[in-house]
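> Supplied in structure tokens, the structure appears directly below.
The values are calculated or read from the model by the stated rules, or taken from the named source; none is laboratory data. Note that the structure is a prediction, hence the values are computed from the model and not measured. Cβ sites come from the backbone with ideal geometry, for glycine too, and all protein chains shown count toward neighbours.
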Amino acid sequence: MQDGQTFRGEASPHFNDIQGEIVFFTGMTGYQEVLTDPSYKGQIVVFTYPLIGNYGVNDHDGESEEIQVSGVVMYQCADFPSHYQKTHSLGSYLDQNQVPYITGVDTREVTKAIRSKGTQQAALSQHSNYTFEHPEDKQIFGVKEDHITTYGEGDLHISLIDFGWKKSIVHALLNRNIRVSVIPFTEARVIHDLNPDAVILSNGPGDPKDTKDLLPEYKAILEQYPSLGICMGHQVIALAYGADTTKLDFGHRGANHPVKDVLTGNVFLTSQNHNYVVMEDSLEGTPLVKRFCNVNDGSVEGLIHESKLVMSAQFHPEAHPGPKDAEWLFDDFIKLVKSKGVKTHVS
């Protein structure tokens, strides 16, 4: 780790030195979704649960077409997984994709180190004198394509602004008979030509403030179309309306984060993966109101606009991996879009 701490383990067969931001994930399952989630792009992921890979890897659970993480740290990686859908063991999957990993590491000690010193750069290396390189100041969002791609043939049309969208978000919409057009975040202006029924701003890696030059464009979209922001999209909505974001010491990553609905008082478990958070005091003077809060640390977990159909969630309602406690958010949003409509809701 960049602060000088060293943890020794056994290198994977196809190992090469790599550097990246080190983060930890607390879920017992869902490792394939984590590895392929564009929000983890370029990071070294530490799995806190001691045994990873029990059910192997299959052809269905990836959130993108490739592994997004730079490296993986585990205590034990199962050599002989058991599941009727498995196509590979986790180790062979990582090896085939030339992603280095180490095992035999006390991952909970690594997690304590991250929690005490904060998220930082780390390296997987076979050399004790590894020299850290300066990380890139800007994170290229995990966009998959540079053109518009449309999925499904539903009666309702939603445009998804792509900062690094997860496959399960699109699947959640397709399962609700929605036609989805995925649009690169740099080309969001074409939404006005498509004239969709609603807009969703996706998850993605990096600092939401890297979108600052595009915020006026996003705000114009938010003012005209019913909109839902997820994770990065939630933060971008806040920035577009003049609120501020900051980086957490070690972020929220896992499948068991409790969130409270301020409007109803209900508490539910959520799947989360983010480094940045909306600062609650910065909402003053904006038209945004806190809708959800994190039970553990009180941080903002979602927003609603005081007069327009604009809402957001810091957590992942599609819940891959994780509990489906928050999947109702898609249903609520779609119901509001259908009942209000753009012309009757937006002044």
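> Can you find, within segment 263-285, the residue that is nearest to Ser116 (Cα to Cα) among those that are touching a residue at least 12 places away in the same chain (Cβ under 8 Å) and surrounded by fewer than 16 Cβ atoms within 10 Å (Cβ to Cβ)?
Met279
> Another question about this same structure. Quick one: in segment 189-225, which of the residues that are hydroxyl-bearing (Ser, Thr, Tyr) and part of a helix (DSSP H, G or I) is nearest to the chain's Cα centre (by Cα)?
So the residue we want is Thr211.
> Also: Is there a residue being modelled with pLDDT of 95 or more and in a strand (DSSP E or B) anywhere in segment 30-44?
For segment 30-44, residues modelled with pLDDT of 95 or more and in a strand (DSSP E or B): present.
> In segment 200-258, which residue that is polar (S, T, N, Q) and under 24 Å from Tyr31 (Cα atoms) is surrounded by the fewest Cβ atoms within 10 Å (Cβ to Cβ)?
Asn256
> Wholly within segment 280-339, which strands (runs of 3 or more DSSP E) include no fewer than the required count, namely at least 2 residues that are of a type in the set (Val, Ile, Thr)?
Passing ranges, in order: 300-305.
> Taking segment 96-115 only, how many residues are more than 27 Å from Glu66 (Cβ to Cβ) and not charged (D, E, K, R)?
Qualifying residue count, segment 96-115: 1.
> While we're on this one: Pick from segment 173-194 the residues that are of a type in the set (S, T, N, Q) and under 22 Å from Ala240 (Cβ atoms): which of them is surrounded by the fewest Cβ atoms within 10 Å (Cβ to Cβ)?
Thr186
> Among the residues of segment 103-126, what is the count of those that are among the hydroxyl-bearing types (Ser, Thr, Tyr), more than 21 Å from Leu90 (Cβ to Cβ) and either in a loop (DSSP other than H, G, I, E, B) or under 21 Å from the mean Cα position of the chain (by Cα) (or both)?
2
> Among (1) touching a Ser or Thr at 6+ places or on another chain (Cβ under 9 Å); (2) without any contact (Cβ under 8 Å) to a residue 24 or more places away in the chain, there is one condition Ile18 misses while meeting the rest; what is its number?
Only one criterion is unmet by Ile18, namely (2).
> Could you grab me the full set of residues in segment 93-128 that are without any contact (Cβ under 8 Å) to a residue 12 or more places away in the chain and farther than 18 Å from Phe25 by Cα?
Gln96
> Among Leu228, Leu248, which is the only one that is touching a helix residue (DSSP H, G or I) at 6+ places or on another chain (Cβ under 6 Å) and not in a helix (DSSP H, G or I)?
Result: Leu228 is the single residue among Leu228, Leu248 that is touching a helix residue (DSSP H, G or I) at 6+ places or on another chain (Cβ under 6 Å) and not in a helix (DSSP H, G or I).
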